Every structure is written in structure tokens, then in C-alpha cells.
Amino acid sequence: MKSQHQTKPFAAPMARKPSTDFARNPEIEILLRDGAKARLACEVSGFTLSIKEDLLMPTRGSPNAALARQIAMYLTHVGFGMSLHRVANAFGRDRSTIAHACHLIEDKRDDRAFDDFIDALETALSNVPEPVASGVMHQ
């Protein structure tokens, strides 16, 4: 049964500099970083599957968008080592939805071609460097 409470996706403000109060709060920093990792996984899976929709939107979208989102959820959980709870917060979904997506992708990995595809995406995400401190690259 659907919950009456509808959560909204977390969207890290990529273009804006966080206020100094947020930058000093480690919990906010974790939320921002988790949201950025979810966005990165969405962009990678959406790009490789030619999805034009925003995968963090609260709607299901097309079946292809749903698959790309499930792959992104799986990659965020497995590739970035985030708990199901943190992934759920980053995607604005219930933890059970994330668990379902991860089980679905694990089952699909029995297909060799799909497994190779997911391996390639995991490798791509693992090669993305961690964020650097603000201003470090401009010195």
C-alpha cells in the first residue's frame, strides 16, 4: 500500500556555494555529498541508456527511465558503499524501494552482458576523484 507521506528527491545545489553555516555542519555536508553521489550515478546510468529524463524526479517516468534509476540506486549503494537508508534519503524514496531496486539489478546480473555493463559503470564511478576543498584547484 502506498504511503500517504510523499518524499521529494534531494537535489544538491551544485551551482551555488553553500553558506558557511552549512559547510561547518558535518551532517549537512554528508547529505550534500550523498545527494551529489546519487546525482552522479543517475547521470552516468542515464547517459549510457540515452535517458533524457531527470532520474531524481519523484515520478516513475518511462520504463527505461525506471531501469536507469534502479541502476543508479544500485550503483549508489554498492559502488559508493552507502547504506540503503542514505541512498533512500538521497533519492527521496523509501528504503524498501531502494532494496527492491538493488535486488532487481542483482537478479539481472545473472545475464553476462548486463553484468559486464554494470561492472563498467561501477568502474567508471570508482574512477571519479573525491571532491577537493573549495578553491584548491584555482591556486
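Readers should treat all values here as calculations from the given coordinates under stated rules, not as data from a laboratory. Because the structure is a prediction, the values reported are computed rather than measured. For neighbour counting, all protein chains shown are included, and Cβ atoms are generated from backbone atoms with ideal geometry for every residue, glycine included.
Under a point spin-label approximation (7 Å from Cα along Cα-to-Cβ), what is the V78-L104 distance to one decimal in nm?
1.5 nm
Give the Rg/Rh ratio for the range 29-139, taking Rg as the radius of gyration of the Cα atoms and Rh as the Kirkwood radius, to two decimals. Before the final figure, lay out each step's value.
Details: Rg = 14.0 Å, Rh = 14.3 Å.
With Rh from the inverse mean 1/r over Cα pairs, Rg/Rh is 0.98.
Which net charge results when you count Lys and Arg as +1 and Asp and Glu as -1 among the other residues whose beta-carbon is under 12 Å from that of T76?
+3
Modelled label-to-label distance, E27 and R95, 7 Å Cα→beta-carbon offset: nm?
Distance between the two pseudo-spin positions: 1.7 nm.
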